[in-house]
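For reference, the structure discussed in these notes is given below.
The values are calculated or read from the model by the stated rules, or taken from the named source; none is laboratory data. In this text the structure is predicted, and so the values were computed from the model without any measurement. Heads up, the Cβs are rebuilt from the backbone with ideal geometry, glycines too, and the neighbour counts pull from every protein chain shown.
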Amino acid sequence: MKSLAERLERARVGPPKRTKKAIADAVGISTASVNDWFSGKTKTIEASNLIKAARFLNVEPDWLATGRGAMRVIDVDHIFPLSHSDSNLTSNVIAMDPFMHAPTVEIPMLTAVASMGRGETLAYDGDQIINVLSVSKMWLEHNVKAKPQNLRVITGAGDSMHPTFSDGDMLLVDVSKAKIDIDGVYVLSAHERLFIKRVRQRMDGSFEVSSDNPTVKTVDILNGDHEIQVHGRVVWAWNGRAL
């Protein structure tokens, strides 16, 4: 992400999602000033405010200021204490497995944010890895029917897939599913936007793309005339839902 405004927009998605007013309150400046950050009117943030904003958004100050380095670096010692024998684990691995001595699988976390709303333009940096999620191999084999090397973690944004999952949920995606072979929830891109939608095949062979939220009345039919790319199938939402 080249601009400060793009990085701020990506960072505030979370999880958890942050409002501009909440950022302003945390930094101790006016909402108007924060709006200038997001609009691109302000190109840089003074050091003291940058550190406060980065801390509130749970991102690295250097990444927020320049785009260099990891977006987030999370110390596993703050989640599960490590014994001396675990010292070879790197500090930018998020430990989701309390049984630290059990075999784990490391899954890349991507910068990609996919819309679960009405198609607003959101951050999408393709396969840029910002972190690694360390998951119990036993848990993965029991809950997810996919090869570990094909899994990636992205963030969902918006409410059109509620209640299946919510704004800011981390989603586990099987990127080997580049074609729609079964009904399910897929990550799709069209017109340089990334979407998460439920896809069902109809009797005539076309595909119906819809949202799970009953208040969102959007249904599209794919019959081969649309330029749609399938990036993978969502197989787990980090709210405990298998898909």
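In region 76-99, is there at least one residue being modelled with pLDDT of 50 or more and at negative phi?
First, pick out the residues of region 76-99 that are modelled with pLDDT of 50 or more: none.
The answer is no, given that none of the residues of region 76-99 is modelled with pLDDT of 50 or more and at negative phi.
Kindly evaluate residue 11 against the criterion of being surrounded by 15 or more Cβ atoms within 10 Å (Cβ to Cβ) and in a helix (DSSP H, G or I). Full working, then the answer.
Values: surrounded by 15 or more Cβ atoms within 10 Å (Cβ to Cβ): yes; in a helix (DSSP H, G or I): yes.
Here the answer is yes, as residue 11 does meet what is asked.
Here's the yes/no breakdown for (1) modelled with pLDDT under 90; (2) assigned to a helix (DSSP H, G or I):
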{"position": "5", "(1), (2)": "no, yes"}
{"position": "33", "(1), (2)": "no, yes"}
{"position": "37", "(1), (2)": "no, yes"}
{"position": "55", "(1), (2)": "yes, yes"}
{"position": "63", "(1), (2)": "yes, yes"}
{"position": "71", "(1), (2)": "yes, no"}
